[in-house]
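Working notes, structure below.
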Amino acid sequence: MGRIPLKRIKLHEIAAVEVTELRPSEWGGWGYRIMPGRSAVIMGAGPGLIITTTTDKQFAVTVGDPDTAASLLLALRDRVSQP
């Protein structure tokens, strides 16, 4: 079964990655949510990431190990930005 990507953020477009506790009520509920200037995939309350792009848009996603995910994203972003 194929997957349909809901959101793509290019590595060079990542300005910041924040590890935080996400609450569905702060993002419009559970599921895929789109709001002005931000979107999210919220599968429940708990640990997650908020990615801020270079255009100041935010994308939040709940993940089981946000510290590792944040470190990986930032390392990949930094690798891409090196000459």
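Structure above, values below:
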quantity: Inter-part distance where segment 1-37 and segment 43-64 are each reduced to a Cα centre, Å; calculated: 5
quantity: Estimated distance in nm for a label pair at Ile9 and Leu74, the labels positioned 7 Å out from Cα along Cα-to-Cβ; calculated: 1.4
quantity: Stokes-Einstein translational diffusion, the chain - Kirkwood Rh over all Cα pairs, 1.567 mPa s, 4 °C, in µm²/s; calculated: 98
quantity: Residue-averaged [θ]222 nm for the chain, counting only DSSP H segments that reach four residues, each worth -39500 (n - 2.57); calculated: -6500 deg cm²/dmol
quantity: Segments 5-12, 41-48 sorted - mean Cβ within 10 Å per residue, highest first; calculated: 41-48, 5-12
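Each value in this text was obtained by applying a stated rule to the coordinates, not by laboratory testing. Everything quoted here is computed from the prediction, not taken from an experiment. Counting neighbours? That spans all protein chains shown, and the Cβs are built from the backbone with ideal geometry, glycine included.
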